[in-house]
Amino acid sequence: MKHRLERIDTVLLRVPDLERTVRWYTETLGLKIKWRTDLIATLKAGDGTPITFVPQDTVKEACPFFNFYTSDLRGAYEEMKLLGVEVGPIRDYGTVQTFDFKDDSGQLLNVCHF
């Protein structure tokens with residue numbers, strides 16, 4: 001494998017109220033909004049890995065706690081399949097493409113590209 005996973009992209013948390021959560025993290029902890037849509041909010045503390053909040057009523061299925069970034073999503077996907085990794089379908093959200101996979105302990109993980 002060419003090691004196409006380049007970094008941990010973000011930590012993911014499902015939350016009951018996106019607006020309240022964003023307000024608390026920005027006003028109480030001083031985090032800055034990096035990216036915001038109607039469905040997610042990504043906040044940063046300094047130069048480290050950001051945290052992305054997803055409304056729990058939007059994503060009903062299991063959600064990984066973090067994801068990896070790759071500049072070659074299709075290549076990473078095909079290589080993992082060749083190595084026998086259990087991968088889900090590639091999903092295209094317009095500006096972001098992702099797929100889920102499981103490690104050898106059954107942990108749900110994700111790879112993204114944007």
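The values are calculated or read from the model by the stated rules, or taken from the named source; none is laboratory data. From a predicted model like this one, the values you see are computed outputs, not experimental measurements. Ideal geometry is used to build each Cβ from the backbone, glycine not excepted, and the neighbour counts take in all protein chains shown. Surface accessibility is based on the protein's heavy atoms, side chains included, excluding ligands, DNA and RNA. Shrake-Rupley method; radii C 1.70, N 1.55, O 1.52, S 1.80 Å.
By accessible area, using a 1.4 Å probe on protein heavy atoms only, the chain has 54% of its surface on carbon and sulfur.
Each distinct pair of alpha carbons in the chain adds a 1/r term; the inverse of their mean, the Kirkwood radius, is 15.0 Å.
Looking at the square roots a ≥ b ≥ c of the eigenvalues of the Cα gyration tensor of the stretch 53-114, which shape do they give, rounded for a/c under 1.5, prolate if a/b is larger than b/c, or oblate?
On the way: a/c = 2.13, a/b = 1.25, b/c = 1.71.
Here the stretch 53-114 falls in the oblate category.
Lysine pair count for the chain with Cα-Cα distance under 30 Å and sequence separation of 8 or more or different chains is 14. Between T28 and Q56, the contour length at 0.36 nm per residue exceeds the alpha carbon distance by 7.9 nm.
Give the relative contact order (percent, whole number) for the chain; include only Cα pairs under 8 Å separated by 6+ residues. If you can, show how the numbers build up before the last one.
Numbers: 206 pairs, mean separation 31.0, N = 114.
Value for the chain: 27 percent.
Extending 7 Å from Cα along the Cβ direction at F65 and again at S105 yields two label points whose distance is 0.9 nm. On a per residue basis, the stretch 1-44 carries 71 Å² of accessible surface, using protein heavy atoms and a 1.4 Å probe.
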